[in-house]
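The values are calculated or read from the model by the stated rules, or taken from the named source; none is laboratory data. Note that the structure is a prediction, hence the values are computed from the model and not measured. For neighbour counting, all protein chains shown are included, and Cβ atoms are generated from backbone atoms with ideal geometry for every residue, glycine included. Each accessible area value is taken on the protein alone, full model and side chains, heavy atoms only, with ligands, DNA and RNA left out. Shrake-Rupley method; radii C 1.70, N 1.55, O 1.52, S 1.80 Å.
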Amino acid sequence: MRATLPRRLLAELLGTMLLVTTVVGSGIMATRLSPNDVGLQLLENSTATVFALAVLILILGPVSGAHFNPVVTVAAWWSDRHNPAGLSARDIAPYIAAQTLGAIAGSVLANAMFGVAQGMSATARDQPQLWLGEIVATAGLLLLIFALVRTGRAALAAPAVGAYIGAAYWFTSSTSFANPAVTIGRAFTDTFAGITPTSVPAFIGAQILGALIGIALVTALYPKTAGSADTASQPSPQQAIEPEVVGAAP
């Protein structure tokens, strides 16, 4: 039985908050432990994120689907919009609001734990190659999540999404934000993981484009034909996350 909307929103807010707390907090810790080695800082930051993301999906997936990401929420609705058991269109805005508020709270919490002054980031991330990195990272994330859902392997989402994000930290130029809510949240910390507010709109635009590409790839590779036996046996994204998951990204 699906959780009530307030419970699901609490799960999305809490999960996104703790995800951003992990990204920002481990970034702060990494710069303090390895002040002269940026590569090691990124390794420390990505390792913490991989483990925390997998754990958060396992904990909160049965409640809300553990989206923690507006593009995942919208894609989950779109992918199964004709199924009454799927995510409702009216739930999209509350999900995104909870995710965004949680992301901001996550940066504020990390700043407070490490004694960092609250404020906006001064780290500019406005190069075109970074936008391309966000397109690639987000497209790959959506392709992974819905490939798992449409092939009945949603139970693998926690380790698979964690592994993908860990890899994407390194193979994308942007270090794989791949998440509009988290991008906004990371603007609220002037630390290793921060992004200046002026860089946020272009990142979000790139993430939306990447999500559209990801959905198109899923549709091409794993089509759902109305009335087919395959479709009848495939769980919707929302069904797959109860008790399994859809997924997330930092």
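When you look at PHE68, is it in contact with a helix residue (DSSP H, G or I) (Cβ under 8 Å, 6 or more places away or on another chain), over 21 Å from GLY214 (Cβ atoms) and at pLDDT 95 or above, yes or no?
Here the answer is no, as PHE68 does not meet what is asked.
Condition (residue is closer than 27 Å to ARG7 by Cα, modelled with pLDDT under 95, of a type in the set (D, E, K, R) and open to solvent by less than 30 Å² (accessible area, probe 1.4 Å)) applied to segment 74-82: is it met by at least one residue?
Yes, because at least one residue in segment 74-82 is closer than 27 Å to ARG7 by Cα, modelled with pLDDT under 95, of a type in the set (D, E, K, R) and open to solvent by less than 30 Å² (accessible area, probe 1.4 Å).
Out of all the residues in segment 69-93, which are within 16 Å of the chain's Cα centre (by Cα) and not hydrophobic (A, V, I, L, M, F, W, C)?
ASN69, PRO70, THR73
So, of the residues in segment 105-131 that are touching a residue at least 60 places away in the same chain (Cβ under 8 Å) and open to solvent by 70 Å² or more (accessible area, probe 1.4 Å), which turns out to be nearest to ALA76 (Cα to Cα)?
Here the answer is TRP131.
Is it the case that segment 155-176 has a residue that's assigned to a loop (DSSP other than H, G, I, E, B), within 16 Å of THR16 (Cα to Cα), at pLDDT 95 or above and open to solvent by less than 60 Å² (accessible area, probe 1.4 Å)?
yes
If you go through segment 31-49, how many residues are under 12 Å from TYR169 (Cβ atoms) and either modelled with pLDDT under 95 or surrounded by fewer than 24 Cβ atoms within 10 Å (Cβ to Cβ) (or both)?
Count: 8.
Would you confirm whether or not segment 5-26 contains a residue that is among the small types (Gly, Ala, Ser), surrounded by fewer than 20 Cβ atoms within 10 Å (Cβ to Cβ), in contact with a Ser or Thr (Cβ under 6 Å, 6 or more places away or on another chain) and modelled with pLDDT of 95 or more? Outline the logic, then answer.
If we filter segment 5-26 for residues that are among the small types (Gly, Ala, Ser), which is where we start, we get 11, 15, 25-26.
This time we only want the ones that are surrounded by fewer than 20 Cβ atoms within 10 Å (Cβ to Cβ), so: none.
No, segment 5-26 has no match at all.
Against the condition of a type in the set (D, E, K, R) and under 26 Å from SER64 (Cβ atoms), how does ARG153 come out, does it pass?
yes
Just one of GLY65, GLY140, GLY102, GLY86 is within 24 Å of PRO223 (Cβ to Cβ), in contact with an Asp or Glu (Cβ under 7 Å, 6 or more places away or on another chain), touching a residue at least 40 places away in the same chain (Cβ under 8 Å) and surrounded by 17 or more Cβ atoms within 10 Å (Cβ to Cβ); which is it?
Residue meeting the stated conditions: GLY86.
Six or more apart or on different chains, Cβ under 8 Å: which pairs go from a residue in segment 201-218 that's under 14 Å from ALA147 (Cα atoms) to one that's aromatic (Phe, Trp, Tyr)? Could you list them?
From segment 201-218, the pairs are GLY214/PHE146; ILE215/TRP78; ILE215/PHE146; VAL218/PHE146.
Go through (1) among the hydrophobic types (A, V, I, L, M, F, W, C); (2) open to solvent by 60 Å² or more (accessible area, probe 1.4 Å); (3) over 28 Å from LYS224 (Cβ atoms) and name the single condition ALA93 misses.
Of everything listed in (1) among the hydrophobic types (A, V, I, L, M, F, W, C); (2) open to solvent by 60 Å² or more (accessible area, probe 1.4 Å); (3) over 28 Å from LYS224 (Cβ atoms), ALA93 misses just condition (3).
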